[in-house]
Every structure is written in structure tokens, then in C-alpha cells.
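Notes to accompany the following structure.
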Amino acid sequence: MTKISSAVSNAAPADRVNTHQKVRKAVLPAAGLGTRFLPATKAQPKEMLAVVDKPQIQYVAEECVASGIEHIIIVTGKGKNSIEDHFDSAPALERFLEEKGKKDQAEMVRKISNMLQFSYTRQKEPLGLGHAVLVARDLVGDEPFAVLLGDVLIPGPNPATKQLINVYESTGVGAIAVEEVPRDKTHLYGIVDGEPAPQAPFGERLLRIRDLVEKPKPENAPSNLGITGRYVLPPAVFDCLARTKPGAGNEIQLTDALRILAREHGLWAYIYDGVSYDAGDKLGFLKATVELALQNPEFGAAFRSYLKTLKL
Ligand code: G1P
């Protein structure tokens with residue numbers, strides 16, 4: 001048995017305390033500059049770019065609601081005020097819509113701010129994803145929490161975050177979502193070195209993490225299992241983050257903190273059930289837009305007919 005596997009199977013006594021602690025909070029890092037999506041992101045947050053008819057961050061907030069999360073902590077930065085406005089109540093707009101007889105729209109607007117509790121904190125300097133999560137430490141407190149990256153959309157009836165919460169609440173050990181990525185794209189992801197650790201009810205989807213590498217070149221990648229942007233972590237990760245030195249891109253990487261967490265407390269990789277879109281990338285954004293538009297109950301069928309008329 002390796003050192004790491006014993007850490008997971010013994011589930012470090014300190015973690016046992018949290019074994020059945022409910023995952024109530026989620027951290028959404030949203031402080032990034034969105035340089036991959038310029039010029040659209042010059043004066044507006046990438047999280048607010050709409051896919052079909054909703055800002056990306058609303059899809060992620062809805063995944064939280066569907067996963068049983070009660071409190072979302074958004075880590076913002078300069079120029080991100082429209083995120084707070086979007087999730088705030090809008091009495092003047094609601095009144096206007098009601099006066100015009102648009103009750104459904106008024107209700108839709110109201111639901112956005114009533115979804116759950118929102119808190120905001122700022123990452124003052126762009127020191128990396130790991131640092132952004134560390135900034136939320138006081139708001140999270142001493143309890144397990146989810147992390148959802150705002151530019152990864154995972155639509156569908158079986159929320160990826162809920163799948164990870166199930167693993168955490170049943171084992172008391174953190175879990176991160178992974179999926180197969182093309183070999184020549186490993187430099188875009190955190191890559192996992194895991195060994196199969198099937199157990200009921202999760203079966204073959206569960207792997208015990210031996211190590212992780214942030215954005216390796218294909219020749220240095222330990223596998224083709226990439227981290228998808230969904231995490232459920234014990235509060236012990238904050239101590240790991242506090243000890244993490246700048247890594248890839250000279251930033252404090254969440255993946256590097258997870259190496260420490262995996263070594264000291266164990267960590268699962270979970271091959272989640274679903275399809276993800278990297279909507280922070282222009283092509284990924286287009287794919288998400290087309291596929292979600294096709295599923296839209298109001299105009300999906302008309303959009304499909306339109307696409308069929310295109311001479312490709
Ligand atoms: C981040 C993480 C990376 C993960 C990716 C998923 O990278 O650092 O480990 O695989 O998200 O989208 P980013 O895409 O923010 O550079």
C-alpha cells in the first residue's frame with residue numbers, strides 16, 4: 001500500500017470529524033481578467049458573458065442550487081460589480097415588468113436574487129486560482145465546501161457538484177471532478193495521477209489520487225484525466241493553500257495545494273457523469289451556445305431547422 005493510499009483508506013482521523021458534515025457552501029472564483037476572451041472582456045466580466053440568454057455565472061449558481069448548496073461566496077476583483085448587481089434584487093425592474101403585465105418575467109428576475117445566500121470578497125491581486133480560494137477562507141470557516149470555476153459549464157440533470165458532494169458526504173474525503181482530455185491538450189488542465197479504487201455506490205468512477213500536475217506538456221502528463229473545474233474540499237485545504245508556493249505561470253495554483261492535501265488527507269478523482277464546456281474559450285463558448293440553444297424549449301426546434309439550412 002502506498003503512503004497516499006493509506007492516507008485515503010485510513011481517511012486521516014482529523015477528517016473523520018467532517019465525514020458526514022453537510023456541504024453547504026460554494027466558492028466561485030471570479031477575479032480573473034478574462035484575457036482569453038478579449039475584446040469582449042475589456043469592460044465586462046467574462047462571467048457575465050451570456051450563453052443563449054443567461055450569464056455564464058448564473059448557470060454555475062443554478063448548479064449550486066441543484067446540488068443543495070445554501071450559500072455562494074464569489075471572489076471578485078476590479079470591474080466585476082455587474083456580478084453583484086445581477087444577483088441582487090431589482091425592485092424597480094420587477095415593478096416595471098408587473099405594471100406591463102409581464103408577470104413571468106418579473107418572477108424570473110425575482111428568482112435570481114432569491115436563489116440562495118450570496119457573499120462577496122475581493123482578491124486584491126491576481127495571484128492565481130489557489131490564492132483566490134484562500135481569500136474565501138474566513139467566509140467558508142471550518143466546514144467542507146465546493147469550488148466551481150465560472151467558465152466551465154456542465155449542464156444537465158445530474159449536477160457534477162452534487163456527484164462530488166455525494167462522494168464527500170459518504171467518505172469524508174475531498175473529491176475533484178475529472179474527465180478524459182485529448183493527449184495534446186494536457187497543457188490546458190491540471191492532470192491527475194490516480195489509481196482505480198472502485199467502491200459502492202460509485203464503482204469504477206472513483207480513483208485514489210497519487211499526484212497531480214498543473215498544465216503539463218503531453219510528454220510529462222501522468223495520464224489524460226484532466227481536472228474539470230469542480231471540487232469538493234475539506235477545510236484542511238486552506239492550510240495546504242497557505243503553504244503553497246507560486247507554481248505554473250508564477251501563480252499560486254489550487255492544483256499544487258491539492259498535491260499536499262492528497263498526500264496528507266487523501267483525495268478522490270471522480271470521473272463525473274456529464275458533459276462540460278469550456279466557455280472561457282471562444283470555440284468552447286460557441287459550442288456551449290449552439291448546444292444549449294438546441295435544447296431550449298422555446299426556440300430549440302426553430303434553431304435546429306435554421307442550422308439545417310446552412311450550407312456547411
Ligand atoms: C484551471 C485549473 C486547472 C483545471 C482548469 C479547468 O485552469 O488550474 O487545473 O484543469 O481550470 O478548466 P484555468 O483554465 O483557469 O487556467
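Values quoted throughout were computed directly from the atomic coordinates according to the rules given, and no laboratory measurement underlies them. What you are looking at is a predicted structure, and each value in this text was computed from that prediction instead of being measured. We place every Cβ from the backbone using ideal geometry, glycine too, and count neighbours over all the protein chains shown.
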For the chain, the longest site-free run once GluC sites (Glu not before Pro) in DSSP loop states with at most 11 other Cβ atoms within 10 Å are removed: 1-203
Taking a cut-off of 18 Å between Cα atoms, list the lysines near LYS217, but don't count ones fewer than 8 places away on the same chain. LYS185
Two decimals, Cα atoms only, Kirkwood Rh: what is Rg/Rh over the stretch 67-148? 1.08
Where does the Debye-calculated log10 I(q)/I(0) of the stretch 128-203 sit at q = 0.24 Å⁻¹, using only Cα point scatterers of equal weight, no solvent? -1.44
Rounded to the nearest 5, what is the percent of antiparallel bridges among the DSSP beta bridges in the chain? 60
Provide Rg and Dmax in Å for the chain, with only Cα atoms included in the calculation. 19.9, 68
Take LEU33 and GLU264, extend 7 Å from each Cα along the Cα→Cβ direction, and tell me the distance between the two endpoints in nm. 3.2
Mean separation of Cα pairs under 8 Å and 6+ residues apart, divided by the residue count of the chain: what relative contact order is that in percent? 24
Given R₀ = 22 Å, FRET efficiency for ALA43-SER113 by Cβ-Cβ distance, to 0.05? 0.40
Just order 123-133, 143-153 by mean Cβ neighbour count inside 10 Å, highest at the front, would you? 143-153, 123-133
Please list 154-160, 275-281 highest first by mean number of surrounding beta-carbon atoms within 10 Å per residue. 275-281, 154-160
Per 10 angstrom bin, beginning at 0 and ending with the bin that holds the maximum distance, the Cα pairs of the stretch 158-234 fall in percents of 20, 50, 26, 4
Take the Cα atoms of the stretch 60-207, find their three principal axes, and give me the spread along each one in whole Å, biggest first. 60, 37, 37
Counting residues in the stretch 235-312 as N, plug N into 2.2 N^0.38 Å and put the Cα Rg over that result. 1.77
Taking 0.36 nm per residue of sequence separation and subtracting the Cα-Cα distance, how much length would be gained by fully extending the chain between LYS100 and THR309, in nm to one decimal? 71.6 nm
Could you name the aspartates and glutamates whose alpha carbon sits less than 15 Å from that of LYS245, not counting residues in the same chain fewer than 8 places away? GLU214, ASP256
